1. Do any chymotrypsin sites (Phe, Trp or Tyr not before Pro) in the range B:21-112 lie in a DSSP loop with no more than 10 other beta carbon atoms within 10 Å, and if so, which?
2. Would you mind calculating the relative contact order of the range A:49-94 from Cα pairs under 8 angstrom and at least 6 residues apart, reporting the percent as a whole number?
3. With point charges of +1 on the Cβ of Lys and Arg and -1 on the Cβ of Asp and Glu, referenced to the Cα centre of the protein assembly as shown, which listed residue (B:F33, A:S93, A:I60) lies farthest in the positive direction of the dipole?
4. Considering chain B as a Gaussian network with a 10 Å cut-off on Cα pairs, which listed residue, B:S68, B:S79, B:S12, attains the greatest mean-square fluctuation?
5. Counting other Cβ atoms within 10 Å, keep those with at most 10, restrict to DSSP loop, and tell me which trypsin sites (Lys or Arg not before Pro) in the range B:19-48 are left.
6. Along Cα→Cβ, 7 Å out, is where each label goes; now give me the distance between the ones at A:K9 and A:N59 in nm to one decimal.
7. State, as an integer percentage, the relative contact order of chain B based on alpha-carbon contacts under 8 Å between residues 6 or more apart.
8. Set Lys and Arg Cβ to +1 and Asp and Glu Cβ to -1, take the dipole of the protein assembly as shown about its Cα centre, and tell me which of A:G109, B:I76, B:T24 lies farthest positive.
Amino acid sequence: DSGVTQTPKHLITATGQRVTLRCSPRSGDLSVYWYQQSLDQGLQFLIQYYNGEERAKGNILERFSAQQFPDLHSELNLSSLELGDSALYFCASSRGLAGTTSTDTQYFGPGTRLTVL
Amino acid sequence: QKEVEQDPGPLSVPEGAIVSLNCTYSNSAFQYFMWYRQYSRKGPELLMYTYSSGNKEDGRFTAQVDKSSKYISLFIRDSQPSDSATYLCAMSRPYGNNRLAFGKGNQVVVIP
């Protein structure tokens, strides 16, 4: 168990709808990262927040948005959903800003499986 | 061309065999190299971490980085059925760009 929690585990919705995915980082971690994993694209970085502020942006669509709250949990909002948005969405957390060093690595949650019908 | 290429083909090996996985990359700015292991229906977990070029060994696992060839490898010796998982390579630049670029992953099945 990585210590990162994500809810819900599964989400089934229809095209055009909006959903919210939630992530609670490990205790003491200030950075939260969101990733999308699909069979054709693999694991793609979406966005990073550090202590409530957006710090890095990847291939995140304009229909998607995220935020990190004062208690450090984060939410990823996906709107106007399309069939192609069906994927596994992972949240990861790290102690500091880097998340890419031997002393500050990313720990992944179990993911939310989103199915858009 | 994707930044990180990993042939996503599945790999089946008998128990005790050596598993060899590799990735190539195009961005010479990458300095941190990682291998993640992902069990079915779980999130990725960090398995090996290497900074710049060289080898790193941890038990039955060896990670190699050849920056001149832009090529990284993971070797698993004496493979066990519990090693059956998907292995993803990942890498990143230093100095503030925190994005991890992942390969597509290799599904490894170790047959008892």
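1. Numbers: sites: B:Y25, B:F30, B:Y32, B:F33, B:W35, B:Y36, B:Y39, B:Y49, B:Y51, B:F61, B:Y71, B:F75, B:Y87, B:Y95, B:F102; in loops: B:F30, B:Y39, B:Y95.
Answer in residue order: B:Y95.
2. Values: 35 pairs, mean separation 13.3, N = 46.
Result for the range A:49-94 is 29 percent.
3. A:I60
4. Per the Cα network of chain B with a 10 Å cutoff, B:S68 tops the list.
5. B:R41
6. The modelled label-to-label distance comes out at 2.8 nm.
7. Details: 278 pairs, mean separation 41.2, N = 112.
Here the relative contact order equals 37 percent.
8. A:G109
Values in this text are rule-based calculations from the coordinates and carry no lab data. Model, not experiment: these values are computed from the prediction. Positions of Cβ are generated from backbone atoms using ideal geometry, with glycine treated the same way; all protein chains shown enter the neighbour counts.
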